[in-house]
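Written below as structure tokens is the structure these notes are about.
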Amino acid sequence: MNAPCPQCTASDESATVAQSLVDIDRPLDEATRALLSSPPEPPGMSGAAIALFCLAGLFALGGVRGLLVDNGGSSDAAYQAGRTLGPFLFAAILAGAALAANAVTRRRRRAAQQGRAAAPTRAQWEQHRRVWRAAWLCRRCQVAFFPAASLRPDFPASPAIPVEQFPLWVVTTAERAFGTTAPPLPR
């Protein structure tokens, strides 16, 4: 089912924005692709922090395994304590290093972001993405639009939106549809 374009009222050249971006038979030019691309996902945890957390988990699992396996009854109590608690201590040190690495990465991102607009939160990004998925593109008119009830049953159809205004329209429509205040787009 194709939605009719609000500008030319034809539906033969309209498809969802997501479908239009992956259509290999009729590829879009790079400028249009950039304007219609999915909203960028907000940054998550740093790769270094993820790797350190994974290593900490592996050492903790090794410590649990050491608790479950009989060590053969060594005579030295200090050796037994080190063998039992060592993996857990090392896992705790790695987890602390992961937290520190993640904090440093966040601080760097905040410092780099100061001159630009604030990045959307995860919840706002999910709303932007939901709106983006509901958008349609008319290839004939080179406009984007939202059919009636595309976001909610009571949501009205939108007018034709020039592709240049599409990123801002996604943010504005998410704010209107879900009642959230979104951060401004970078210029």
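Are any of the residues in segment 34-44 over 30 Å from residue 162 (Cα atoms), out of contact with any Gly (no Cβ under 6 Å at 6 or more places or on another chain) and either part of a helix (DSSP H, G or I) or not basic (Lys, Arg) (or both)? For segment 34-44, residues over 30 Å from residue 162 (Cα atoms), out of contact with any Gly (no Cβ under 6 Å at 6 or more places or on another chain) and either part of a helix (DSSP H, G or I) or not basic (Lys, Arg) (or both): present. Criterion applied to 46, 11 was being within 30 Å of residue 109 (Cα to Cα), modelled with pLDDT under 85 and of a type in the set (S, T, N, Q), and the one residue passing it is 46.
Just to be sure before I move on: is residue 50 β-branched (Val, Ile, Thr), open to solvent by 40 Å² or more (accessible area, probe 1.4 Å) and outside any loop (DSSP other than H, G, I, E, B) in the structure I sent? Here the answer is yes, as residue 50 does meet what is asked. Among the residues of segment 120-127, is any open to solvent by 40 Å² or more (accessible area, probe 1.4 Å), within 24 Å of the chain's Cα centre (by Cα) and at pLDDT below 80? The answer is yes, given that some residue of segment 120-127 is open to solvent by 40 Å² or more (accessible area, probe 1.4 Å), within 24 Å of the chain's Cα centre (by Cα) and at pLDDT below 80.
The values are calculated or read from the model by the stated rules, or taken from the named source; none is laboratory data. The shown structure was predicted, so the numbers you read here are calculated from the model rather than taken from an experiment. Backbone-built Cβ (ideal geometry, glycine too); neighbour counts: all protein chains shown. These area figures cover heavy atoms from the full protein model, side chains too; ligands, DNA and RNA do not enter into them. Shrake-Rupley method; radii C 1.70, N 1.55, O 1.52, S 1.80 Å.
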